[in-house]
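Report on one structure; see the data block that follows.
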Amino acid sequence: MEEGDSILIDYWKHRCQVELSNLAIKVYNSEKYRDLLRQMPEPEVHFDIVSRNTAGFARFPNELHLNLHFLLRDKEQFVNTVVGHEFAHLIIFYLVKKGYLPKSTPGHGRAWKDMMRFLGLDPNTYYHEAQISDEDLNLNGLPSLRKQGNKFAYTCDCEGMIHTLGAIRHKRAQAKGARRAVYNCRNCKQPIKFSHVIEASDS
Ligand SMILES: [Zn+2]
Ligand SMILES: [Zn+2]
């Protein structure tokens, strides 16, 4: 990896952190949410998604997982949309868990959209479901999509919910025939479906 590449990567990672801090200050200090979110743990950012089609996801209680390939391709747009999008999910997850919102609250429904607007963001931009081309993957210093990650993300019918399996359970879930194991979401009771690899990362 060239030194310039790593400085660039650090710069954009830092920009995500700053954006997250600004949004957190805005919501945690607000009259409307200050009391409701008093005990919400501070969000953490992990740049560990290895996927062609997932820009980011939120994991209860406080993890934002972001995809560096997308960050370095979309830069400013990513910082201004994906960080807030996933942070809004974390807040909604927390409000649901605390019983301030019903369990059936949809991932991108009204509560989430209201939170996006509260954060000053447009709920109609960006996407979990995005695509990255081979061309955009030729970036130095990034985790390779071909490298075997050691965690595997699964989705279910709960919007925005991510389940992670280790390599062994992932292998069982992907096996054919009688050896195949089916894992169900405890919340919606539906079988979980493989979504993408999460690389074990030191970032
Ligand atoms: Zn989302
Ligand atoms: Zn579910």
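Observations on the structure shown:
- Mean separation of Cα contacts under 8 Å (6+ apart) over length of the stretch 3-136, as relative contact order %: 26 percent
- Zone residues, the stretch 50-93, relative to Ile7, backbone N less than 20 Å from point 7 Å out along Cα-to-Cβ: 72-73, 75-76
- Under 25 Å of direct C-alpha separation, and excluding same-chain neighbours fewer than eight residues apart, Lys26 reaches these lysines: Lys13, Lys75, Lys97, Lys98, Lys113.
- Global form of the stretch 50-133, assessed from the alpha-carbon gyration tensor, a/c cut-off 1.5: prolate
- Whether the stretch 151-198 is rounded, prolate or oblate, judged on the alpha carbon gyration tensor where a/c under 1.5 counts as rounded: oblate
- The label point for Arg117 and the one for Thr164, both projected 7 Å from the Cα toward the Cβ, are 3.4 nm apart.
- Computed extension gain for Ser21 through Arg110, at 0.36 nm per residue and net of the alpha carbon distance, reaches 29.7 nm.
- Pairwise FRET efficiency - Arg179 versus Lys75, Cβ, R0 = 41 Å, nearest 0.05: 0.40
- In terms of surrounding Cβ atoms within a 10 Å radius of their Cβ, Arg34, Arg73, Arg169 rank from fewest to most as Arg34, Arg169, Arg73.
Throughout, read-outs are computed from the coordinates displayed, never taken from laboratory work. Because the structure is a prediction, the values reported are computed rather than measured. Cβ atoms come from the backbone with ideal geometry, glycine included; neighbour counts cover every protein chain shown.
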